[in-house]
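Here the structure is laid out as structure tokens; the discussion comes afterwards.
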Amino acid sequence: MADIKEKMLISYKEPDFIEKIKAFSFRRSAEKIRLSLTDSKEAQSVLKILRNVAEHGDEAVSEYTNTYDEVDLQPGQFRVGTEEMEKAHKEIDGELLKSIKQAIENVRAYQEEIFIGDSGSKGIKYVPIRRVGVCVPGAAAPLPSTVIMTVVPAQVAGVEEIAVVSPPRFKGGIHPVILGVCFELGISEVYKIGGAQAVAALAFGTETVKNVSKIVGPGNIWVQMAKKFVSGNCAAIDSIAGPSEVLILAGEEANPSWVAADMLSQAEHADDSWAVMVTDSELLAAQVCEELTKQLKGLTRKDAAEKSLEGFGAIIVMEDIQSAVKFANDFAAEHLQIMCGSKSREISDLIENAGAVFVGEYTPVAVGDYWAGPSHTLPTGQAARFASALTSNDFLKSISMIEYDKDQLSADAEHIVRLAEIEGLDAHAKSVRIRQ
């Protein structure tokens, strides 16, 4: 990568600072714009897949699995057998299994603590969604944390049926660690299908896959577009997520090597991940640039991280910390780290928009990704202005409960009739009058 300082540093002292910030913000919204355009090439491809699966079911899913995953699967091979899952569970390294079990326990404890359940609120009944689908990305590297962070909140809510889908990208199947975690969680319904075709199967149902009422979990642009198109028509979704992002709000007290490490931990996800720091310290900004150059060299996923920083990274110097906080609230990051020494907690109280806030020097994003308890399924692309992290409460729906007796109806009848008549709905009015 060319000089990082030249590529990434944006300072309030530059005459074109405002223009650079505006261009940076527009670039960040480009992915969301592409997702919203139904006439784009990607959107048309996804709509074709959805329509084909809706009309032809398993046959279409099998066809697309062959085309996109290069695996020839017949419908009878979609579902992973219990024996295969149990075998995968037994083969997990003992220490890794211990960590997985503790992570599950941490997430379950946190989700149970925040679960609203039946709050006893007058006029509201909370009911868990009966059946949900979980999308787990299928890269060669396993993502057991995604299973934990989506399945456990659903289980806490009381969801009866959970179907997991993941593309057969690991030797023609699903990575054994993912299968082992599903087995550990008691999930028996796992399908070797992914992409837009898996979302379509979950939303519409096929001969093999029963349709669900909500679809959650991460995925590439094809998965996210498919979720967008089925949302509100066939099933609910958690969010249209991605690319992943971190914003680090750092003061002069921050350790530059730690800041750089945290930026790279996000950048290594993919070459379109966002890794941004905002600070009021020019010295820290220069030091972080140097550290990024050093630390990039030793990364296994150096190419992806380098492209991410070059295309979607920035180190922004503001005039003061108040301006940095304002920028953070406007940015509304998926992950927001606050590294401002003893003032970190105080500054965190000023944050209004973020998917998750990581307070202090010793709280890297990895703590939330794997261990602390909140789900790492978070709003991206400024959606944190109106959306929240996935929780057990997202697997509930509320039902309004209304019950009047004779005296109550008599007392309110005149008002109800009057409102019905002004709307010209005589039968509404009569349904009240007939009871008087």
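Which of the residues that make up the range 111-151 are at pLDDT 85 or above and out of contact with any strand residue (DSSP E or B) (no Cβ under 9 Å at 6 or more places or on another chain)?
Selection gives Gln111, Glu112, Glu113, Ile114, Pro137, Leu143, Pro144, Ser145, Ile148, Met149.
Matching residues to (1) out of contact with any helix residue (DSSP H, G or I) (no Cβ under 7 Å at 6 or more places or on another chain); (2) under 21 Å from Thr206 (Cβ atoms); (3) among the basic types (Lys, Arg):
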position: Lys48; (1), (2), (3): yes, yes, yes
position: His56; (1), (2), (3): yes, yes, no
position: Tyr68; (1), (2), (3): no, yes, no
position: Val80; (1), (2), (3): no, yes, no
position: Gln102; (1), (2), (3): yes, no, no
position: Glu105; (1), (2), (3): yes, no, no
position: Tyr110; (1), (2), (3): yes, no, no
position: Phe115; (1), (2), (3): no, no, no
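Going through the range 171-188 one residue at a time, which ones are touching a helix residue (DSSP H, G or I) at 6+ places or on another chain (Cβ under 9 Å) and either outside any helix (DSSP H, G or I) or within 17 Å of Asn233 (Cβ to Cβ) (or both)? If you could, list the steps in order and put the result at the bottom.
Step one: list which residues in the range 171-188 are touching a helix residue (DSSP H, G or I) at 6+ places or on another chain (Cβ under 9 Å), which gives 172-188.
Passing the criteria: Gly172, Gly173, Ile174, His175, Leu185, Gly186, Ile187, Ser188.
For Pro153, state whether it is touching a residue at least 12 places away in the same chain (Cβ under 8 Å) and crowded, with 24+ Cβ neighbours inside 10 Å.
Judged against the criteria, Pro153 is a match.
Filtering the range 377-434 down to residues that are of a type outside the set (S, T, N, Q) and in contact with an Asp or Glu (Cβ under 6 Å, 6 or more places away or on another chain), which residue is nearest to Glu112 (Cα to Cα)?
Going through the qualifying residues, I end up with Leu390.
Can you go through Glu70, Glu95 and tell me which one is outside the structural domain of Ala366 (by TED's automatic domain parsing), under 22 Å from Pro218 (Cα atoms) and without any contact (Cβ under 8 Å) to a residue 24 or more places away in the chain?
Step by step, each of Glu70, Glu95 is checked, and only Glu70 is outside the structural domain of Ala366 (by TED's automatic domain parsing), under 22 Å from Pro218 (Cα atoms) and without any contact (Cβ under 8 Å) to a residue 24 or more places away in the chain.
Can you tell me which residue among Ala103, Ala54, Ala60 is of a type outside the set (Phe, Trp, Tyr) and either under 14 Å from Cys182 (Cα atoms) or in the same structural domain as Trp371 (by TED's automatic domain parsing) (or both)? Break it down into steps so the answer makes sense when it comes.
On the way: Ala54 fails: either under 14 Å from Cys182 (Cα atoms) or in the same structural domain as Trp371 (by TED's automatic domain parsing) (or both); Ala60 fails: either under 14 Å from Cys182 (Cα atoms) or in the same structural domain as Trp371 (by TED's automatic domain parsing) (or both).
Result: Ala103 is the single residue among Ala103, Ala54, Ala60 that is of a type outside the set (Phe, Trp, Tyr) and either under 14 Å from Cys182 (Cα atoms) or in the same structural domain as Trp371 (by TED's automatic domain parsing) (or both).
Hey, can you tell me all the residues within the range 189-229 that are aromatic (Phe, Trp, Tyr), under 21 Å from the mean Cα position of the chain (by Cα) and in a helix (DSSP H, G or I)?
Trp222, Phe229
The values are calculated or read from the model by the stated rules, or taken from the named source; none is laboratory data. Bear in mind that the values here come from a model prediction, so they are computed numbers and not experimental data. Here Cβ is always computed from backbone atoms with ideal geometry, including for glycine, and neighbour counts include all displayed protein chains.
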